[in-house]
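The values are calculated or read from the model by the stated rules, or taken from the named source; none is laboratory data. If you're wondering where the values come from, they're calculated on a predicted model, not measured in any experiment. Cβ sites come from the backbone with ideal geometry, for glycine too, and all protein chains shown count toward neighbours. For accessibility, only protein heavy atoms count, side chains too; no ligands or nucleic acids. Shrake-Rupley method; radii C 1.70, N 1.55, O 1.52, S 1.80 Å.
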Amino acid sequence: MNSMVRKGATFLKKPILVLLAVFGVMFLMMPLAAARHKAEPKVEKILYIPHDNRPISDKQTAEVIQKLGYQVVVPPENMLGDRQNLGNPEALWTWVEQNAAGADAAVISSDSMLYGSLVGSRNHEYSKEQVLSRAENFKAFRKMFPKLPLYVFGSIMRTPRSGEASGHEEPAYYRNYGTDIFRYTVLKDKSEVEGLTRREKKEMAFLERLIPRKSLSDWMGRREKNFAASEKLIELTRDNAFNYLALGRDDNAPYSQTHLESRHLAQEGRDLDATRFQTMAGIDEIGMLMLTRAVNTIRHETPFVYVRYNCGRGGLTIPAYSDEKISASIQSAIAAAGGMQVKSPDRADLVLVVNTNPNGKTLEANDRANDWTVREGTKYVANIISEYVGKGYPVAIADIAYANGADNALMEELKAKGLLFKVRAYAGWNTPTNSSGFVLGEGMLTKHMKDTDVDELLLTRYLDDWAYQANVRNIIARQLTWLRGDGVYGSLDTKRDAVADRSTRMISRFVEDNFPPFKSLEEIQVSFPWNRMFESDIQHEEHKDLHYFMH
């Protein structure tokens with residue numbers, strides 16, 4: 001009996017010993033599993049639908065967020081609108097519903113979802129009922145994904161000063177009557193704000209007779225659809241369909257139809273504060289600002305921004321293509337991105353230095369004054385940047401003395417002082433509010449980036465805004481008649497490849513003269529995806545891989 005008990009005890013001990021061994025191994029493996037889990041953190045996923053497929057709207061904006069390690073999911077490029085293809089709203093609605101599961105945030109252009117694209121918002125043939133029905137889709141989308149943070153940005157239709165200024169992106173009649181239509185809306189807006197003189201009333205009556213009634217009716221009818229859609233988006237914000245709505249005033253002026261409509265929409269949303277809704281100057285930069293807001297919300301951060309202006313008019317400057325002081329635009333952009341403006345650089349997460357002309361004028365980058373000659377204003381602002389960098393402040397530069405390109409004199413000063421790659425962010429492209437808004441968003445996020453990634457983002461802007469927009473573009477524009485084939489600045493057509501080859505060679509030489517020997521600049525390729533010289537796509541080594549990852 002005792003022998004059997006001993007045998008039974010031995011028999012029972014074996015599985016216990018096995019179990020203890022298993023638990024021991026598991027216990028030893030737990031730190032390894034935890035370490036493995038810690039080494040593979042969750043990658044946040046952000047859906048991003050830009051308002052078209054221009055490089056600055058699409059991949060250059062998404063690239064900034066990807067540098068932080070986020071997965072930015074963008075629709076296929078052929079689903080986004082361009083100059084000829086106005087986009088496909090139905091396909092985009094299907095795409096966003098199929099890709100929203102598991103996303104941590106969504107940043108969506110309402111222009112893409114309602115009209116197909118930004119250009120589509122001006123040229124579409126959709127009825128008011130179709131547009132408003134698509135706006136209602138946001139309500140259904142919110143029910144499908146009730147916890148998804150949703151940041152929406154749209155445009156208040158622009159009012160170009162002329163047919164030439166419209167870039168042929170308005171209906172055909174705007175080429176002939178664009179200047180008259182612009183002036184008519186200046187008087188229309190002014191009549192509401194401060195009233196018209198007797199002469200201005202006569203001028204307005206004359207313009208009403210001069211502009212073909214059918215053309216003016218069509219243009220104002222398009223605007224009425226856009227205005228009704230914007231009202232609907234404000235209503236949806238009020239009903240909590242969106243976490244944030246930004247309506248941007250595309251190219252406009254202190255008096256214009258865009259300014260008039262913005263005033264009325266701001267009044268419509270007066271019960272919504274700046275933490276939920278804003279109308280603001282600009283449009284192309286707002287995708288960057290909304291993505292920055294999404295990231296700041298995910299990270300539970302409110303970046304502090306200190307702003308320093310150049311001497312002279314400084315923050316009182318009303319820049320080209322805008323209807324308000326640049327200080328007001330920058331304040332709105334900081335709020336839209338989820339930041340806060342502070343009065344001391346010592347408290348700031350980002351110091352924004354704004355390069356305006358002391359006289360408050362905004363010239364075009366192709367103006368002969370942009371000739372690399374150092375001016376009083378550029379020397380002053382370069383010294384400010386040098387001082388702040390020397391104190392260890394994270395500096396971003398909004399280079400807006402010129403529209404549509406960098407200030408050559410400022411860039412030469414920064415190069416001479418060895419500051420080009422000691423600042424954290426730079427922008428000098430397109431309109432002044434495009435540049436200041438974009439660099440604010442990017443600059444807020446650079447504190448979480450590696451220095452090599454910051455350098456790559458600086459290179460993107462220097463190649464585009466300085467090398468191409470302020471220099472190469474203007475030289476080749478004057479040489480277009482030398483090249484074989486048919487094509488002009490706004491439609492390159494059969495000259496497109498020749499312009500691309502010449503731009504590539506000239507930018508490569510510019511790089512040799514002005515930049516350190518970055519490995520990613522060993523191979524550069526320039527193309528013109530919109531078949532015009534106004535914007536280019538400058539690929540270098542890293543960006544080629546990035547493009548395929550995004551789409």
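Brief remarks on what is shown
- Qualifying helices (runs of 4 or more DSSP H) (wholly inside the stretch 445-551; at least 2 residues being within 30 Å of Gly339 (Cβ to Cβ) and of a type in the set (A, V, I, L, M, F, W, C)): 451-461, 541-550
- Filtered residue count, the stretch 119-156, keeping only those that are more than 19 Å from Ala241 (Cα to Cα) and in a loop (DSSP other than H, G, I, E, B): 4
- Failed item in (1) part of a helix (DSSP H, G or I); (2) open to solvent by less than 20 Å² (accessible area, probe 1.4 Å), with Tyr426 passing the rest: (1)
- Residue check for Asn408: open to solvent by less than 20 Å² (accessible area, probe 1.4 Å), polar (S, T, N, Q) and over 30 Å from Val152 (Cα atoms): yes
- Set Ala253, Ala246: member being of a type outside the set (Phe, Trp, Tyr), surrounded by fewer than 24 Cβ atoms within 10 Å (Cβ to Cβ) and not in a helix (DSSP H, G or I): Ala253
- Residues of the stretch 333-387 that turn out to be among the hydroxyl-bearing types (Ser, Thr, Tyr), open to solvent by 20 Å² or more (accessible area, probe 1.4 Å) and either closer than 28 Å to Asn243 by Cα or in a helix (DSSP H, G or I) (or both), as a count: 2
- Ala91 meets all of the listed conditions (1) open to solvent by less than 40 Å² (accessible area, probe 1.4 Å); (2) under 19 Å from the mean Cα position of the chain (by Cα); (3) not aromatic (Phe, Trp, Tyr) but one, namely (2).
- For the stretch 472-505, the set of residues classified as surrounded by 15 or more Cβ atoms within 10 Å (Cβ to Cβ), over 27 Å from the mean Cα position of the chain (by Cα) and of a type in the set (A, V, I, L, M) consists of Leu480, Leu483, Ala498, listed by residue number.
- Residue, surrounded by the most Cβ atoms within 10 Å (Cβ to Cβ), within the stretch 272-301, restricted to residues that are farther than 23 Å from Arg54 by Cα and touching a Phe, Trp or Tyr at 6+ places or on another chain (Cβ under 9 Å): Phe277
- When the stretch 137-147 is filtered for residues that are in contact (Cβ under 8 Å) with a residue 40 or more places away in the chain and open to solvent by 10 Å² or more (accessible area, probe 1.4 Å), the ones remaining, listed by number, are Asn137, Lys139, Arg142, Met144, Phe145.
- Among the candidates Asn123, Asn176, residue that is surrounded by fewer than 20 Cβ atoms within 10 Å (Cβ to Cβ) and under 28 Å from Glu235 (Cβ atoms): Asn123
- Among the residues making up the stretch 150-167, those that are in contact (Cβ under 8 Å) with a residue 60 or more places away in the chain and of a type outside the set (A, V, I, L, M, F, W, C) are Tyr151, Gly154, Ser155, Arg158, Thr159, Pro160, Arg161, Gly167.
- Pairs where the first residue, in the stretch 344-361, is more than 20 Å from Ala382 (Cβ to Cβ) and polar (S, T, N, Q) and the second is in a strand (DSSP E or B) and open to solvent by 30 Å² or more (accessible area, probe 1.4 Å), C-beta under 8 Å, 6+ apart: Ser344/Tyr306
- Among the residues of the stretch 188-205, the ones that are assigned to a helix (DSSP H, G or I), surrounded by 13 or more Cβ atoms within 10 Å (Cβ to Cβ) and without any contact (Cβ under 8 Å) to a residue 60 or more places away in the chain come to 5 in all.
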